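Student: First the structure, which I've put down as structure tokens, then a few questions once you've had a look.
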């Protein structure tokens, strides 16, 4: 009986000591400062290979490289062109005037294949020994499709005002005009520059009648 009491007392005392040690160890874990990775790695107990692995694992992972997003629009939104124009102006039945001059345009691409544009064509010629002048200014749209890096096909249409002078007895110098045509831009080497070839039909309403006059043009395009 006495031995049983002594054994029970020893067990109770051991349990109390273990409980106190657990509480003490927990308090130490909370209170004791955690050694830095660098200090632990510098300890002579760590080998060189283990020290390097520990430091590498502690370093933050490198941020992923930013991904480039392809633009919806082309890199060059604007196109400016300038060139030479030859036109056969069918003034009246049986009366044709040839003019030589220039053409210029400015286009802004709202989409890679669709642009709003403004154009101006001007030319001079001879009729019955007298100098004549023709001008067309208008605005409209341009549609284009790229076959490859060096070749781009396009069509366009514009409406505006046409001017023909000098004034004749048949009517005024100004009339409604429209222009429609197609062509190609060729850029064999320079990304910013291209050579443009085009053919158009210019419709006008001078002198109470209608004229449909063909014209061809050649020039350069600058993209920016």
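Student: Which ordering of 87, 106, 201 is given by a fewest-first count of other beta-carbon atoms within 10 Å? Working shown, then result.
Tutor: Numbers: 87 23, 106 15, 201 12.
Ascending number of Cβ neighbours within 10 Å: 201, 106, 87.
Student: For region 78-146 and region 157-186, what is the separation of their C-alpha centers, rounded to whole Å?
Tutor: 8
Student: Now, a different point. Given a cut-off of under 8 Å on Cα pairs at least six residues apart, what relative contact order in percent is computed for region 78-223?
Tutor: Values: 413 pairs, mean separation 32.6, N = 146.
Relative CO of region 78-223 lands at 22 percent.
Student: Starting from the Cα-Cα distance between residue 168 and residue 111, subtract it from 0.36 nm times their residue separation and give me the gain in nm to one decimal.
Tutor: Numbers: separation 57, 0.36 × 57 = 20.52 nm, distance 4.42 nm.
Value of the extension gain: 16.1 nm.
Student: Follow-up. Please arrange 161, 179 by counting, for each residue, the other beta carbons lying within 10 Å of its beta carbon, fewest first.
Tutor: Numbers: 161 13, 179 23.
Least crowded to most crowded, the residues run 161, 179.
Student: Same structure, new question: May I ask you to sort 196, 189, 133 by Cβ crowding, counting other Cβ atoms within 10 Å and putting the fewest first?
Tutor: 189, 133, 196
Bear in mind these aren't lab numbers, they're just calculated from the coordinates by the rules spelled out. Because the structure is predicted, anything quoted here is derived from the model rather than measured. All Cβ positions, glycine included, derive from the backbone under ideal geometry; neighbour counts span all protein chains shown.
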